[in-house]
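The values are calculated or read from the model by the stated rules, or taken from the named source; none is laboratory data. What you see is a predicted model, and the numbers here were worked out from it, not measured in a lab. Don't worry about glycine lacking a Cβ; one is built from the backbone with ideal geometry, like all the others, and counts go over all protein chains shown. Remember, those area values only see protein heavy atoms, side chains included, never the ligands or the DNA or RNA. Shrake-Rupley method; radii C 1.70, N 1.55, O 1.52, S 1.80 Å.
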Amino acid sequence: MRRIIILLFLILLIPSCEKNEVFSRTELRMDTLCTISVYTRKDEALLDQAFEIIDSASAMIDMYDSESEISRVNSMASAEPVAVSDELFSLLMKAYDVSEYTDGAFNLAIGPLVALWGIGGENARLPSEAEIAKVLPLLDWHDIILDEGGKTVFFKKEGMRIDLGGVGKGYIADLIAEMFRESGTESALINLGGNVYGLGTKSDGEPWKVGLQDPFSEHGGYFTTISCSDASVVTSGGYERHFIAEDGKVYHHLLDWKTGYPASSDIISSTIISSDSTLSDMLSTACFVLGSERAEAVVDHYGVSALFLLEDGSIERIRI
Ligand code: ADP
Ligand code: MG
């Protein structure tokens, strides 16, 4: 009898011990390190599912994969309207809306300019002014026709390209968070190359703490931390990806469709916090391009929170 009681006690104890354990996996996806941590019983299948979501969403939105759905759109949509999946269509609608509201500070039609600068590849280079002048007319998102009836995409001009690099990680973080919620997971941290989603709270009930990288630190230090619960924290900064051109100047990957050059504003690092990671991702890019004064109106319009590190070293906080 005593043995049975001890056994029962052990069985009851094991799940409660495991419950507070972090269970985490890191893999290289989308050219960046993705770490997904769940605070639950050990469940390999749950993490398998999360990484499967990254793979299946990449097959839809990765412009650098010639087989992806968005690549099919990019290669065919100037010849005829291309029918797309419901998921891609609604993401494009959302990206169009933000392009419109931010007057292209986030611009889903930025593809030809990104390609010209070689952003994202090893052959990044400073294009000539003539080359830039040639692609500027291809960057107007109004020339992307999204037909809600047939769920089709059509480009009015030959050579146009949709670029989802500034929204993809946020979109995928939302998909994983949704799957976790549906599976009853209450506590998880999704980190897709710095695009973070904190689901629920830490196992001790405290909010997640996300460190914001100090652009001036060479050792990956933080300049501040942000607490979040059921929210996403997304940062865009020119220091993240850049190259030094033949003229000796540093050029980064966040481009301004009005000039054709990397955006230069008073914001060095732009962070958006909201429960919608897709939106946060787009708005972090948009605010970086807009600069602090114009970004405030955008942040207010979408009802999100923001933290901007400005060039004079000061920090502007909105609703945090
Ligand atoms: P990261 O992905 O480096 O964290 P972002 O989310 O800000 O940073 O996205 C940057 C990517 O978005 C670029 O690599 C490019 O593909 C694309 N991009 C660059 N400028 C813009 C822009 N003004 N609007 C929309 N997308 C942009
Ligand atoms: Mg972004």
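Over the range 198-237, what is the relative contact order in whole percent, taking alpha-carbon pairs under 8 Å and six or more residues apart?
Working: 52 pairs, mean separation 17.5, N = 40.
Here the relative contact order equals 44 percent.
Given +1 at the Cβ of Lys and Arg, -1 at the Cβ of Asp and Glu and no other charges, the dipole of the range 197-264 around its Cα centre is 120 debye to the nearest 20.
With a Förster radius of 35 Å applied to the C-beta separation of Met93 and Thr35, the computed FRET efficiency comes to 0.70.
In plain terms, if you count all Cα to Cα distances in the range 261-300 and split them into 5 Å steps from zero, the share in each step is 6, 27, 35, 21, 9, 2, 0 percent.
Measuring how big the range 34-80 is from its alpha-carbon positions, Rg and Dmax come out at 15.6, 52 Å.
Accessible area per residue, 1.4 Å probe, Å², for the chain: what's the number?
Working: 15770 Å² over 320 residues.
Using a 1.4 Å probe on heavy atoms only, each residue of the chain averages 49 Å².
Given the options Ser78, Ser66, Ser269, state which has the largest fluctuation in a GNM of the chain using a 10 Å cut-off (strictly under) for Cα springs. Result for the chain, Cα springs under 10 Å: Ser66 fluctuates most. The relative contact order of the chain comes to 15 percent, based on Cα pairs under 8 Å that sit 6 or more residues apart. In terms of the mean number of neighbouring beta-carbon atoms within 10 Å, the peptides 295-304, 188-197, 109-118 order highest first as 188-197, 109-118, 295-304.
Quick one: grab the alpha carbon gyration tensor of the range 215-257, order the square roots of its eigenvalues as a ≥ b ≥ c, and give me rounded if a/c is under 1.5, else prolate or oblate depending on whether a/b is larger than b/c.
Working: a/c = 4.72, a/b = 1.81, b/c = 2.60.
Judged from the Cα gyration tensor, the range 215-257 comes out oblate (a/c at least 1.5, b/c at or above a/b).
Placing a label point 7 Å from the Cα of Ala83 along the Cα-to-Cβ direction, the residues of the range 50-71 whose backbone N falls under 20 Å from that point are 60-61, 68-71.
For Ile145 and Ser275, a Förster radius of 22 Å and the Cβ-Cβ distance give a FRET efficiency of 0.10, rounded to the nearest 0.05.
Would you mind getting the Kirkwood hydrodynamic radius of the range 147-265 from its Cα pairs, rounded to one decimal in Å?
On the way: mean 1/r = 0.0572 Å⁻¹.
Every distinct Cα pair counted, the radius reaches 17.5 Å.
Angle of helix 2-19 to the longest C-alpha principal axis of the chain, folded into 0 to 90 degrees and rounded to 10: 20°. Here the relative contact order of the range 25-116, from alpha carbon pairs under 8 Å that lie six or more residues apart, stands at 11 percent.
Compared with the dominant principal axis of the Cα atoms in the chain, helix 44-61 is inclined by about 10°. Its Cα centre serving as origin, the range 25-145 has a Cβ charge dipole (Lys and Arg +1, Asp and Glu -1) of approximately 280 debye.
Model label points for Asp266 and Glu293, set 7 angstrom from Cα along the Cα-to-Cβ axis, are 0.7 nm apart.
Seen from a random direction on average, the alpha-carbon convex hull of the range 86-131 projects onto 4.2 square nanometres. Between the residues Val114, Gly198, Met179, the greatest Cα displacement towards the positive end of the dipole of the range 97-230, with unit charges on the Cβ of Lys, Arg, Asp and Glu, is found for Val114.
For a Förster distance of 41 Å, can you work out the FRET efficiency between the beta-carbons of Thr225 and Glu158, rounded to the nearest 0.05? Spell out each step's value before the answer.
Values: r = 48 Å, r/R0 = 1.16.
Approximately 0.30, to the nearest 0.05.
Checking the cross-link pairs Lys94/Lys169; Lys42/Lys202; Lys157/Lys249; Lys94/Lys134 against a 22 Å limit on the alpha carbon distance flags Lys157/Lys249; Lys94/Lys134 as lying beyond it.
Give, rounded to the nearest 20 debye, the magnitude of the charge dipole that the chain has about its Cα centre when Lys and Arg contribute +1 at Cβ and Asp and Glu contribute -1 at Cβ. Before the final figure, lay out the partial values.
Details: 25 positive and 50 negative charges, 181 e Å.
I would put it at about 880 debye.
Dividing the C-alpha radius of gyration of the range 100-202 by 2.2 N^0.38 Å, with N its residue count, gives 1.41. Under the simplified labelling scheme, the His301-Leu136 pair shows an inter-label distance of 2.3 nm, with each label point 7 Å from Cα along Cα→Cβ.
According to the Cα gyration tensor, what semi-axes, each the square root of 5 times an eigenvalue, does the equivalent ellipsoid of the chain have, listed from largest to smallest in whole Å? Could you put the intermediate results ahead of the total?
Details: eigenvalues 291, 115, 60 Å².
They are 38, 24, 17 Å, listed from largest to smallest.
For the chain, the mean residue ellipticity at 222 nm estimated from helices alone is -11000 deg cm²/dmol, where every DSSP H run of n ≥ 4 contributes -39500 (n - 2.57) and the total is divided by all residues, rounded to the nearest 500.
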